[in-house]
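Structure first, commentary second.
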Amino acid sequence: MFSTGCRIGEVVSLPAIALIGPTVLQSSGEREIRNVQVYFNIRAEIWLKRYIDSRQDKDPAIFVTVRQPHRMSIAQMRYVIKRISARAGINKEIHPHQLRHSYATHLLNNGAPVEVIQSLLGHEKSETTRIYAQLSGKLRQEFYQKYY
């Protein structure tokens, strides 16, 4: 989710076939799912392919439940994210939408223009994007020193 900036509902609705064969396009080191416009990096592609290749089911969804495989629901995905954050030793509750905010902040902190971030997130208004993307304190200080 962090690699794509997608909403949780968008992630659980993606079909696995979108990652297989000619639908994954390579452009400038990034990956794109054709007709869906979801971009993700090579690390995400490797892990997604490993996950899909390890599955024994024929469900068309990217993410499925373990028992009686079927498309994972939003609630089930939230639970998985909660478990992963606990295993990672994160001592606060992580919500899926925080990954979308982190994605936007990561792009902004690495120099992406707000207009590009807005387009990637699918926002109509730049004000919405500005709520998502927050410059780190260090970068704010650097910009202040550079421009003031």
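The values are calculated or read from the model by the stated rules, or taken from the named source; none is laboratory data. Keep in mind that what you see is a predicted model, and the values were worked out from it rather than measured. Note that we place each Cβ from the backbone using ideal geometry, even for glycine, and neighbour counts take in every protein chain shown.
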- Item | Subset tally (residues that are modelled with pLDDT under 80 and not aromatic (F, W, Y)) for the range 115-148 | 8
- Need at least 3 residues that are in the same structural domain as I17 (by TED's automatic domain parsing) and either free of Cβ contacts under 8 Å to residues at least 60 places away in the same chain or loosely packed, with under 12 Cβ neighbours inside 10 Å (or both) per element, so show me which helices (runs of 4 or more DSSP H) inside the range 68-138 make the cut, counting only ones lying wholly within it. 74-87
- Query: In the range 38-82, what residues are out of contact with any Leu (no Cβ under 7 Å at 6 or more places or on another chain), within 16 Å of L14 (Cβ to Cβ) and basic (K, R)?
  - Reply: R55, R71
